[in-house]
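One structure is given below, encoded as C-alpha cells.
The values are calculated or read from the model by the stated rules, or taken from the named source; none is laboratory data. What you see is a predicted model; the values in this text were computed from it and never measured. Cβ placement follows ideal geometry from the backbone for every residue including glycine, while neighbour counts extend to all protein chains displayed. Remember, those area values only see protein heavy atoms, side chains included, never the ligands or the DNA or RNA. Shrake-Rupley method; radii C 1.70, N 1.55, O 1.52, S 1.80 Å.
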Amino acid sequence: MSVIGFDTSNYTTSVACFDGRDGVNCSKLLPVKEGELGLRQSDAVFAHIKGLPELSGRLFSHVNKATITAVGVSTHPRAVQGSYMPCFMVGYSHAKLLSDSLGVPLVEVSHQQGHVAASLWSAGRLDLMDTPHLAWHLSGGTTELLLVEPDGRNVRCTRIGGTTDISAGQLIDRTGQLLGLPFPSGKHLDALSREAVGKTLFKVKCNGSEFSLSGVQNKVQQFYQTTGDAAETAAYALRCVAYAVHKATEYALLEYPGLSVVFSGGVASNSMLRELTADLQPVFSEPQYSTDNAMGVAVLAHRMTEE
C-alpha cells in the first residue's frame, strides 16, 4: 500500500510517496529574483505548474502505480475558516486528476497538519499523533505555538501562542536581505551564524506565550549598522528568535505541564534554535523534513485511509 502526497506552498513544490513505514519526497524551491522577498501568488502558481511534471516524473519513475491506494494533498495553509492561498490549488488539481485516474480516495489536509506529521514521522515519534502535545510551526509565513490533539487519524491544531506580527521566517529573510544573502535565507543565515563568537541578544518580551518580532527587526538593523559584522548579525537575529520561542514555550508548559514539544516548519531546521532549546527536550525532525515537503501530507493520507 502506497500513498502519494502533494504540497504546493508559497516556497516549495513537492510530491511524496509513503508506504506506511518508509517514504521519499521530491521537492524544488520556487525561483525568486535576487533581492526580492518571495513571490506574488500568480507567480507562485505558475512556478508550481511548471515544476510539478518534473518532480512527479522523478517520483513515479520508481513507484509501482498498482500499489497506490490513496492520494493526499494540502489544500489550504491551516485548518481554520478563511485560510486560503491560490498556490495550493495547483497541488489540488494534480492530486484530483491522479486520484480520479486511479480510482482511489483523495484526502485533503492542511499544510500545517502536514508539517506536524512530517516532523513526527521523521523524528520517529508518530505515536504523538495519538496524544496531545505542543508544536511550533515556524516558517516564512507562520510562527505559531499549537496545542495538537488527535482528530480521528488526523490532528487538530489550536493556536495558543506565537508572534503577534511578523513571523520568524520573515525576520530571518529580512535579515538575509540586509546581509545580501539569497532568498529564502534560512540555511544561509544558519551557516553564517556559525562563524560568530558573540553571545549578544535582545530579550524579546513575552506576554504569556505571545511575543512581537517587529521590534527585533529594528534591533537587528541597528546591530549591523553598529558592528558591520555579518556573521555576528546573523547569530544575533537567530539568538533573539530562539530566546522568544524558548520563553513562550516555558509559559505554555506551565499551562500544559508534561506535554512533549515538537518543532516543525522551515525555521525549525536552524541549528542555533535546536541548540538553544535543547533543555526543553524538544522533538525535532531531520532538517529536510522541517522545510516545506509533501511527506507529511502522504503520512496523513496513509493514516486516514488505512484499514
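Here is how the numbers come out for the structure above:
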quantity	calculated
For the chain, built as a Gaussian network whose Cα springs stay under 10 Å, the top-fluctuating residue of R156, R21, R274	R21
Reported label for calculated Rg/Rh (Cα atoms, Kirkwood Rh) given (1) 1.19; (2) 1.00; (3) 0.98	(3)
Carbon/sulfur fraction of accessible area - segment 167-307, other protein chains in place, 1.4 Å, %	48 percent
Extension reserve of the Q41-S212 stretch, reckoned as 0.36 nm per residue once the Cα distance is removed	59.0 nm
Solvent-accessible area per residue, Å², over segment 176-307 with all protein chains present [probe radius 1.4 Å]	46 Å²
Size of charge dipole - the chain - debye, nearest 20, with Cβ of Lys, Arg +1 and Asp, Glu -1, no other charges	380 debye
Among G20, G38, G169: highest mean-square fluctuation, GNM of the chain, C-alpha pairs under 10 Å	G20
Net charge, Q281 excluded, C-beta distance under 13 Å - Lys, Arg +1, Asp, Glu -1	0
Whole-number percent relative contact order across the chain, with pairs defined as alpha carbons under 8 Å at least 6 apart	24 percent
Of Y224, Y289, Y236, the one that fluctuates the most in a GNM where the chain has Cα springs shorter than 10 Å	Y224
Residue-averaged [θ]222 nm for the chain, counting only DSSP H segments that reach four residues, each worth -39500 (n - 2.57)	-13000 deg cm²/dmol
Amide H contacts under 5 Å for S9, placed H, 5+ residues apart	S14
Nonlocal Lys pairs with alpha-carbon distance under 19 Å, the chain (8 or more apart, or different chains)	13
Environment charge at D292 (Cβ cut-off 11 Å; Lys +1, Arg +1, Asp -1, Glu -1)	0
Contact order relative to length of segment 162-307, as percent, for alpha carbon pairs under 8 angstrom and 6 or more apart	23 percent
Prolate/oblate/rounded call for segment 225-306, Cα gyration tensor, a/c under 1.5 rounded	oblate
Mean separation of Cα contacts under 8 Å, 6 or more apart, over the residue count of segment 226-307: relative contact order %	28 percent
